Amino acid sequence: MSDNIKNILLIGSGYMATEYAKVLNGMKKEYTIVGRGEKSAAALKEETGHDVVTGGIEKYLGDGNQVPEYAIVALPVESLSDTTLLLIKSGVKNILIEKPGALKISALEEIEKQAEEKNVKVYIGYNRRFYKSVSEAKKMIEEDGGAITAHFEFTEWTHRVEASGNTENTLKNWFLGNSSHVVDLAFYLCGMPKSINCEIAGQENIPWHPVGSIYSGSGVTENNVLFSYDANWGFPGRWALQVNTKKHRFILKPLEQLKVVQMNSVKIEDCDLDYSIDTDYKAGLYKETEAFLIGEGAETLCTASEQIEAMKIYEKISGETY
């Protein structure tokens, strides 16, 4: 990866594409945005000042435009995998896909296969791994000798979800497309589960998510961290993560802010951190994009193979079949 990249393609013109454009502007990168609709393209330009080539990525590549070295795919979840396969086939060598990368494990396996054959690097955009709060928590957890126990919550605010205007398929896959942010973060800090017990209820509560709305479970990770989780999409709550070591309790609630409880104390203290990079841009996105384009912190990025294994766990937690 290099800091002298001049050939970057941003695919999409919706909310996430707009946030990526703001980051690329802040990094002073040269890039091309390819969207589909005129309305979203106009809104993106108004907010970022950057032109959008409309008509979609298929037309853009079909018109003989230069194949980029780097591409960021910021499209609705239904379009992520097909677009990524098209980019791999077209010769793009570095691709960052917005989470979850694909709605089916088989689609991600095909992406991984094609990427390996063509020597393409593919990453999934879990930007919360790059929060300042998370990077500091990870450092302190390691200094303490590692996590011992953890608990996370992925309660969703259904009134906001229902008002989001997302497609029926996106809503049906809301755990994978949204809640997996929290689960990914927990296992990023504590290791992937080697055993897990999952319970699901509330199938009748939310029409657009019939597989369930109440979740509870526990297990142990490959790092021997005992963990538990819960979520109830019909009651008050929020995303949260707590990790305990032999010296501290680390609290991410909200995830963007780190709080600490010292051993032999009950006082919850705020960590004195510089959160400016996460307030100037969508939290985590600048550092994630920097890792993808420049390589600084690239080990934090989620690979396609890691996501394939994670989705097998997500099936058990969510009750969905991916």
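The values are calculated or read from the model by the stated rules, or taken from the named source; none is laboratory data. Worth saying up front: this structure is predicted, and the values here are computed from it rather than measured. No Cβ is skipped: glycine too gets one built from the backbone with ideal geometry, and neighbour counts run over all protein chains shown. Areas reflect the complete protein model, heavy atoms only, side chains present, ligands, DNA and RNA absent. Shrake-Rupley method; radii C 1.70, N 1.55, O 1.52, S 1.80 Å.
State the volume of the convex hull built on the alpha-carbon positions of segment 258-322, expressed per residue in Å³ and rounded to an integer.
180
Order the following by accessible area, largest value first: THR84, THR149, THR279. Probe radius 1.4 Å; ligands, DNA and RNA are ignored.
Ranked list, largest accessible area first: THR279, THR149, THR84.
About the Cα centre, and with charges only on the beta carbon of Lys, Arg (+1) and Asp, Glu (-1), how big is the dipole of segment 81-211? Nearest 20 debye, please.
460
Convex hull volume of the Cα atoms in segment 133-283, per residue, in Å³?
122
Tell me the angle of helix 15-26 to the major Cα principal axis of the chain, expressed in degrees between 0 and 90 and rounded to the nearest ten.
Tilt of helix 15-26: around 80 degrees.
To the nearest 500 deg cm²/dmol, what mean residue ellipticity at 222 nm is calculated for the chain from DSSP H runs of n ≥ 4 alone, each contributing -39,500 (n - 2.57), summed and divided by the residues?
-10500 deg cm²/dmol
At 0.36 nm per residue, minus the direct Cα-Cα distance, what do GLU199 and THR279 gain on full extension? Give it in nm, one decimal, please.
Stretched out fully, the GLU199 to THR279 stretch lengthens by 25.2 nm.
Please state, to two decimals, what the Cα-based radius of gyration of segment 72-114 comes to when divided by 2.2 N^0.38 Å (N = residues).
The value comes to 1.00.
How large is log10 of I(q)/I(0) for segment 128-180 at q = 0.28 Å⁻¹ when the intensity is taken from the Debye formula with one equal scatterer per alpha-carbon?
So the normalised log intensities are -1.11.
Based on Cβ point charges of +1 for Lys and Arg and -1 for Asp and Glu, what charge dipole magnitude is obtained for segment 185-322 about its Cα centre, in debye rounded to the nearest 20?
The calculation lands at about 580 debye.
When a/c reaches 1.5 or more, the comparison of a/b and b/c decides; with that in mind, is segment 65-199 rounded, prolate or oblate per its Cα gyration tensor?
Oblate shape, in that a/c is at least 1.5 and b/c is the bigger or equal ratio.
Using a 10 angstrom cutoff on alpha carbons, build the Gaussian network for the chain and name the most mobile of PRO210, PRO76, PRO193.
PRO210
Taking all protein chains in place and a 1.4 Å probe, what share, in percent, of the accessible surface of the chain do carbon and sulfur account for?
Of all accessible area on the chain, carbon and sulfur atoms account for 47 percent.
In square angstrom, what is the accessible area per residue of the chain with a 1.4 angstrom probe?
That works out to 46 Å² per residue.
Take the eigenvalues of the Cα gyration tensor for the chain, scale each by 5, and report the square roots as semi-axes in whole Å, largest first.
Gyration-tensor ellipsoid for the chain: 33, 23, 19 Å.
Where the centre of each part is set by its Cα atoms, how far does segment 215-247 sit from segment 1-78, in angstrom?
So the separation of the two Cα centres works out to 36 Å.
If a/c stays under 1.5 just call it rounded; otherwise compare a/b with b/c (prolate if a/b is bigger, oblate if not). Do that for segment 1-99, with a ≥ b ≥ c from the square roots of the Cα gyration tensor eigenvalues.
rounded
What residue among THR300, SER180, ILE33 has its Cα farthest toward the positive end of the dipole of the chain, where the charges are +1 on Lys, Arg and -1 on Asp, Glu, each on the Cβ?
It is THR300.
Of the candidates LYS246, LYS121, LYS267, which one comes out as most mobile in a Gaussian network treatment of the chain with C-alpha springs shorter than 10 Å?
Largest GNM mean-square fluctuation: LYS267.
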